[in-house]
Amino acid sequence: MSGKHKVIFTPSGIRATAEPGQSVYNVALASGVDILSICGGKGLCRRCQIEFEPGDYSKFGIKVEDGSLSGWTDSEEKAVKRGDLKPGRRLACRAQVLGDVVVNVPDDARHQVSSISKDSTGFETELNPAIKLFMVKLPVPQLDDNPSDTEALIAALREFGVDTQIELRPLAKLQPILAQHERELIAVVRDDKWIIDVWPPAPFDAYGAAIDIGSTSVALYLYDLTNGALVHQASAMNPQIRFGEDLMSRVSYVMMNKGGEEKLTAEIRGQIAKMLEDARAKLDLGPNQILEVVLVGNPIMHHLFLGLNPVELGQAPFTLAVKDWFEAPAPRFNLGISETARISMLPLVGGHVGADTTGAYLSQLDVMTGRSVLLVDIGTNAEIVLSHGGRVAACSSPTGPAFEGAEISAGVRATPGAIERVRIDRETFQPSFRVIGGEEWLSDAQDDIADKRVVGICGSGIFEVMVELASAGLINEGGLFRPEAAPHRFMQDGQSWKYVLLDRPENPLYVKQTDVRAVQLAKAALAAGVNLLVDFLECPGFDEVLLAGAFGTHLDSQYVADIGIIPMASAAQIRSVGNAAGMGAAMTLYNQAEKARIIEAVKHIIKVETATEPKFQDYFVAAMKFPTAPKQEGDAATGRGRRSRNRAR
């Protein structure tokens, strides 16, 4: 076949064209189709599954032949053998378009609406924003006393204690407004210096947005800068996810696809523009009322929003293009707000310690000053800040995406129906659990369990099931299963074992040995990073441990302590501080002094590079253990123990 082929995606109905031999995955990316992938289309993650069936599709006016997609690949054959690829499905990244085709992207291969809440937490600071409104009435000019209207306006503002200059936009609007409103107007002043706009003397307020760009989701908080009220907040999925679930996958996409950084930049700017427009419409604001936008994000999100290629951040020595506080006119970002608006981004510490970390640090600066306090944001890359003895050190640690559900066989994002709480009975070893969106505790001992919506296990549930398995003696301290402790809850899984978390006829849920190992690697990386900072500052213990970010909000402090992810920390010392990064951005929006404060504070943060610290590996290995599990001596469960006779019922 030659020429371009039609590709119809369902259930979205998106129509696209493909070059012969182009992968379905790349066609989907180019067409804006929602499809999962955590490997950037390399055939590794087996998440980009599609359904394909030849036949006549009169609805779309095409006939799909058997040869419309390329033949099976080794990657797909392996996925089938491993049970990762369901019957009737292909991998979109391996299947090439050879003819007109209709492909269905099933529900479990699409991103779900996230239930992760990035609700704001409180902060205390004086209301002193960069944008201020001044309503003035200028004197009527006389022949013998006739200054220019700009001089009159500047003189009027000087009475408020501000010495200003005027920009071109308000200069062009100045005299028409004065003529129409009896010499009255509202002057919009930035930084107590620049008149950036003039408005008619109506009850208008100025607004500013604080935005936290996470690798998974984006949170927006809109403030009335006149009265300081939080008037709107919203969160949405980061659309860059379809180019790679974790940060390194997105950097890899940029490396392997010419112009890839431009696509990723357009995606995040487009999402933020939509969120700002939704907020403006909901509040019935004029097009020129959102005048300040302050953003935070990890270094890769920071660079991509600014339109900077992040490739240097994907390889040592992880050099930033810019690390200082950065600001630029809003029109350069196509966010659909006032041409006089300003975009600002908080400073970075360096490497993989970004503006989200400095935002979180600012929000907790008063708590951390003069005390021994650990601040941790758990994500695909954990950012860690420790204050002790008048000094502050920070590092990042590569925890990977396991705590967010990726790399876990039954892992899902925090969506309705995802298991978020787990308990295992110490006598019967019967698991029970609670899902997002439900209040009751469920188990496979219930007759109606098949009717309950249980889609998988999310991050907080992963924490809890690991601690429960350890505390119940179902894994040893080294993370190996102990099937002899509860044969009725284990099944053979090749040369290893798997624990039956939910036994049901369709889509049972298991915890596999590989899942335990993924969590061990993640928790060990974080614990090693904490230990390096403790050594560096010679800190004997913590006064407090602060968990920042949406994920930390959902964690039970007792399970955080029991899993051994924070060395030396007890449950009583651990508390969540919500979306501290977003609140740090809001503080700089709210008060000009906070901007100066974080710029100065960042200068005194010492960056510790985990990749070059010789002790990192020692700490990493030691932290692989589960503290509440039985000792490893005497355990026979190596993955080749006796076969469990009974499956849980």
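So here's what we get for this one:
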| item | result |
| --- | --- |
| Close pairs from region 526-555: first within 21 Å of residue 400 (Cβ to Cβ) and at pLDDT 95 or above, partner part of a loop (DSSP other than H, G, I, E, B) and open to solvent by 30 Å² or more (accessible area, probe 1.4 Å), Cβ under 7 Å, at least 6 apart | 532/613 |
| Options 255, 275: the member that is in contact (Cβ under 8 Å) with a residue 40 or more places away in the chain and open to solvent by 40 Å² or more (accessible area, probe 1.4 Å) | 255 |
| Top-ranked residue of region 386-422 - restricted to ones that are open to solvent by 20 Å² or more (accessible area, probe 1.4 Å) and touching a Lys or Arg at 6+ places or on another chain (Cβ under 9 Å), ranked as modelled with the lowest pLDDT | 404 |
| Any chance residue 561 is part of a helix (DSSP H, G or I), within 21 Å of residue 420 (Cα to Cα), of a type outside the set (Phe, Trp, Tyr) and open to solvent by 10 Å² or more (accessible area, probe 1.4 Å) | yes |
| Region 275-313: number of residues that are in a helix (DSSP H, G or I) and under 26 Å from residue 548 (Cα atoms) | 12 |
| Any hit, region 338-357, residues being open to solvent by less than 10 Å² (accessible area, probe 1.4 Å), in contact with a Phe, Trp or Tyr (Cβ under 7 Å, 6 or more places away or on another chain), in a helix (DSSP H, G or I) and in contact (Cβ under 8 Å) with a residue 40 or more places away in the chain | no |
| When residues of region 212-226 are limited to those that are in contact (Cβ under 8 Å) with a residue 60 or more places away in the chain and out of contact with any Ser or Thr (no Cβ under 7 Å at 6 or more places or on another chain), the one farthest from residue 298 (Cα to Cα) | 226 |
| Sole exception among (1) out of contact with any Pro (no Cβ under 6 Å at 6 or more places or on another chain); (2) more than 30 Å from residue 514 (Cβ to Cβ); (3) modelled with pLDDT of 95 or more; (4) not hydrophobic (A, V, I, L, M, F, W, C) for residue 430, by number | (2) |
| Some residue of region 447-456 being over 13 Å from residue 510 (Cα atoms), part of a loop (DSSP other than H, G, I, E, B) and of a type in the set (Val, Ile, Thr) | no |
| Selection within region 22-80 - surrounded by fewer than 18 Cβ atoms within 10 Å (Cβ to Cβ) and assigned to a helix (DSSP H, G or I) | 26, 30, 31, 66, 67, 74, 75, 77, 78, 80 |
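To keep it simple, each residue is scored yes or no on (1) of a type outside the set (Lys, Arg); (2) over 27 Å from residue 231 (Cβ atoms); (3) surrounded by 13 or more Cβ atoms within 10 Å (Cβ to Cβ).
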residue	(1), (2), (3)
150	yes, yes, yes
183	no, yes, yes
190	no, no, yes
201	yes, no, yes
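The values are calculated or read from the model by the stated rules, or taken from the named source; none is laboratory data. Predicted model, so just to flag it, every value in this text is computed and none were measured. Backbone-built Cβ (ideal geometry, glycine too); neighbour counts: all protein chains shown. The accessibility values were calculated without ligands, DNA or RNA, using every heavy atom of the protein model including side chains. Shrake-Rupley method; radii C 1.70, N 1.55, O 1.52, S 1.80 Å.
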